[in-house]
Amino acid sequence: MSHLSTNFSWSSFRKGQENKYTANLIISFFKDTYKSAVQLVTPYDENYIQSLNELCKEFLFTKALKNHVVNEHLCPFIQVLLLVASARLPDVFTKKFKKVMKYSGLFSFNLQEDDLITRYLDSYAHPVATYFAELLVEVMPGANFAKFLNTHILSECSLSLDSNDSNPVTVADILMSNQTASRVLRAVIRRLVKPVDIKNFFTVIQSCKSNKFGIRSIIPNKQHGILTDLADLCIRHPSEEFQRTFLRMLPSIFGFTEKHSSSKSREDLFIRCLVGMITLSELNEHITNQSVQENDNNDDNQYFDNKEDLVNPVTVPGCLFVESLFNFTYAHPIKVINSLLSQSPKRLIAWAQHYQLSRVLEALILSESVISELKITLLKSLMNGFSVLACNPSGSHVVEALWTATNTLPQPIIYKELMAEQLTNATNHLHSHKYGHFIYRKLSLELYKCNKTLWLTRNKSTQAINNKRLAVAKSQDIKRPRKSLK
């Protein structure tokens with residue numbers, strides 16, 4: 001938990017005011033995603049509520065608000081005032097909220113403008129006002145948010161597109177295409193709670209077939225945060241319907257056709273698009289350029305290290321996004337899993353040594369959404385690289401995750417012995433290595449090398465204890481989320 005304590009001198013914002021009103025504002029942001037709590041300590045001013053009312057009338061419930069929200073110096077104060085008013089004056093704030101929306105000028109379209117961006121995104125795309133609009137969505141009363149969602153965000157826009165983009169477009173679709181305005185849409189996604197609203201939201205954004213706006217514009221415009229928020233939405237409100245709907249959207253978002261299927265003759269490119277956050281056409285172009293560069297280096301008889309080529313393209317948002325998909329508990333990301341497992345052992349071993357891609361592999365290994373047979377497939381793909389991975393800062397975590405996952409596999413002792421056997425020849429090196437000694441101790445390699453029978457006995461007993469603990473944990477797991485919201 002982190003705390004931000006700020007002292008404000010109200011008189012600096014009120015001309016001609018002799019008395020100074022000072023208050024302490026403590027805003028606590030919890031690690032629980034997107035949940036924030038506002039707590040105000042006892043103010044110094046006994047007439048704090050009256051003073052706050054006066055400030056709201058002068059700065060918030062006024063027609064001058066339209067100018068305030070675009071002022072880079074005044075807007076931060078207006079945002080703090082908005083937070084305090086929503087917490088301290090809930091009744092007044094709810095009653096006059098419509099005035100705040102109206103006076104801010106952020107939620108009305110200038111239909112006289114010919115330019116589409118100016119017409120619908122003039123206010124949302126403002127580099128200062130967008131932060132106020134984002135906060136306004138977060139503190140919006142429930143009834144106002146429901147109306148705002150259905151009559152504004154999901155409403156169709158009257159516009160003329162090219163012949164190729166003649167499908168209906170909503171405000172949400174336009175917001176997705178703009179780097180600044182998308183902050184408002186992300187705030188809306190974080191506010192979605194009701195199953196009906198979530199279902200309607202998914203239905204609307206899927207209906208847009210335009211490449212210029214909507215979900216197909218997310219990757220070209222690098223709006224990765226929208227995908228992350230949608231994935232988190234499916235995790236916060238687990239439902240097979242929502243998770244399956246979102247997973248079905250991914251291929252078209254990354255430029256794959258609906259009939260695309262994983263090729264058995266070569267590595268599937270879907271997972272590489274996800275971790276790289278690029279479209280299929282961009283990845284194919286990258287692969288082509290990579291091949292040309294490799295051929296040129298070979299012709300010049302130069303040393304060519306292709307380890308980076310096995311990893312790239314990769315982005316931190318892409319890896320975090322794939323990790324979140326492995327947290328889907330009802331609609332399993334089968335296409336993503338199969339695509340990852342289709343990669344060559346050489347590429348997977350390189351991924352396991354990457355500081356971020358190793359976390360993707362670790363998430364897959366420990367995920368409840370991945371069946372045992374697929375985890376065994378990954379184990380066998382990485383097996384020949386265990387001695388290298390065990391001495392790598394990232395790879396050692398992957399090996400440790402595989403060891404932990406063997407407890408959930410059928411006949412765990414077989415795979416434990418398989419892992420230990422692969423590392424037997426490197427025992428002495430692992431014992432003295434900075435990272436390898438963790439694996440050396442975790443797998444009890446010294447005991448395995450000196451007394452294999454005792455090692456098997458101890459690991460079998462450990463397996464029995466783990467199975468018993470798992471059974472007890474399941475029997476005590478009373479709170480079980482529903483599989484569907486039908």
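We did not get these values from a lab; they are worked out from the coordinates using the rules stated. The model shown is predicted, which means the values in this text are computed figures rather than measured ones.
Compactness check for segment 136-237: Cα Rg over 2.2 N^0.38 Å is 1.03. For segment 357-426, a/c is not less than 1.5, where a ≥ b ≥ c are the root eigenvalues of the C-alpha gyration tensor, and a/b does not top b/c. That puts it in the oblate class. Across segment 192-295, the volume of the C-alpha convex hull divided among the residues equals 119 Å³ per residue.
With θ taken as phi - 60° and the Karplus curve 6.51 cos²θ - 1.76 cosθ + 1.60 applied, the whole-hertz 3J(HN,Hα) list for segment 277-284 is 6, 9, 7, 4, 5, 5, 5, 4 Hz, x standing for glycine and proline. Amide hydrogen proximity for Ala125: with H placed 1.01 Å from N in the peptide plane, no residue at 5 or more positions away or on another chain lies under 5 Å. A cut-off of 5 Å between modelled amide H atoms, ignoring neighbours fewer than 5 places along the same chain, links Thr170 with Cys157.
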